[in-house]
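*Asks:* Let me give you the structure first, and then I'll get to my questions.
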Amino acid sequence: MKKEIKPFHNKVWLASPTMHGPELEYVKQAYETNWMSTVGENINQTERLACEKIGCKYSVALSAGTAALHMAVKLAGVKPGEKVFCSDMTFDATVNPVVYEGGVPVFIDTEYDTWNMDPAALEKAFELYPEVKVVVIAHLYGTPGKIDELKAVCDKHGAIIIEDAAESLGATYKEKQTGKFGTYNCISFNGNNVFETES
């Protein structure tokens, strides 16, 4: 007997918008100053605050975390046909920029403790593909990966890290904010990405 499927009575939102502070004033200010684009004082302040929060020297606001990852992959110099190690348990935006540049993602297994890239699996991957020079590491659900171990493996093999900290803004690893451990680091303000934890 086939079971009847019934739709939900109410929508289940992935991330509902929260507008309870000065957000409307910022939008109004952008209109009044005629800076309805990718520049202006609000963008400058966002970049400044991101640097303060993470503890980095520079930040560049882009249209989305995916755009930031794409820029990082470009800056890392990924060429068509080159393999790039990527977290296997993540949103597709972590991997798509590799493909945009013609790179070939090689997925690295997740480890049990954090659901992030397994340092032992990363080491094994370098044994199979010693030519890889870029590793894209995502921190999942606000939980940082094992940065010290992952970085040690990458350093040993001369690979750079692109850190996808989109889901870990505010999270710390050994009292340091995620988003500053790689050569290139990306955060996101998408409503379903911002989580905070301690590890």
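The values are calculated or read from the model by the stated rules, or taken from the named source; none is laboratory data. A quick note: this is a predicted structure, and the numbers were derived from the prediction, not measured. We place every Cβ from the backbone using ideal geometry, glycine too, and count neighbours over all the protein chains shown.
*Asks:* Confirm whether THR94 is of a type in the set (S, T, N, Q) and either out of contact with any helix residue (DSSP H, G or I) (no Cβ under 8 Å at 6 or more places or on another chain) or outside the structural domain of GLY170 (by TED's automatic domain parsing) (or both).
*Replies:* Values: of a type in the set (S, T, N, Q): yes; either out of contact with any helix residue (DSSP H, G or I) (no Cβ under 8 Å at 6 or more places or on another chain) or outside the structural domain of GLY170 (by TED's automatic domain parsing) (or both): no.
Against the criterion (of a type in the set (S, T, N, Q) and either out of contact with any helix residue (DSSP H, G or I) (no Cβ under 8 Å at 6 or more places or on another chain) or outside the structural domain of GLY170 (by TED's automatic domain parsing) (or both)), THR94 does not qualify.
*Asks:* To continue, here is another question. Being surrounded by fewer than 19 Cβ atoms within 10 Å (Cβ to Cβ) and either touching a Ser or Thr at 6+ places or on another chain (Cβ under 9 Å) or more than 16 Å from TYR184 (Cα to Cα) (or both) is the filter here, so list the residues in region 147-156 that pass it.
*Replies:* ASP148, GLU149, ALA152, LYS156
*Asks:* Here's another thing I want to ask about it. Would you mind listing the helices (runs of 4 or more DSSP H) fully within region 1-97 where at least 1 residues are at pLDDT 90 or above and surrounded by 10 or more Cβ atoms within 10 Å (Cβ to Cβ)? Even if it seems obvious, please write down each step before you answer.
*Replies:* Values: elements: 23-32, 41-54, 65-75.
Because the criterion is at least 1 residues that are at pLDDT 90 or above and surrounded by 10 or more Cβ atoms within 10 Å (Cβ to Cβ), the helices (runs of 4 or more DSSP H) in region 1-97 that meet it are 41-54, 65-75.
*Asks:* Just to verify a result, which residue in region 165-180, among those that are surrounded by fewer than 20 Cβ atoms within 10 Å (Cβ to Cβ) and in contact (Cβ under 8 Å) with a residue 60 or more places away in the chain, is nearest to ALA138 (Cα to Cα)?
*Replies:* Narrowing region 165-180 to residues surrounded by fewer than 20 Cβ atoms within 10 Å (Cβ to Cβ): 170, 172, 174-176, 180.
Now narrow it down to the ones that are in contact (Cβ under 8 Å) with a residue 60 or more places away in the chain: 170, 176, 180.
On the way: GLY170: 14, LYS176: 16, LYS180: 13 Å.
Within region 165-180, the match that is nearest to ALA138 (Cα to Cα) is LYS180.
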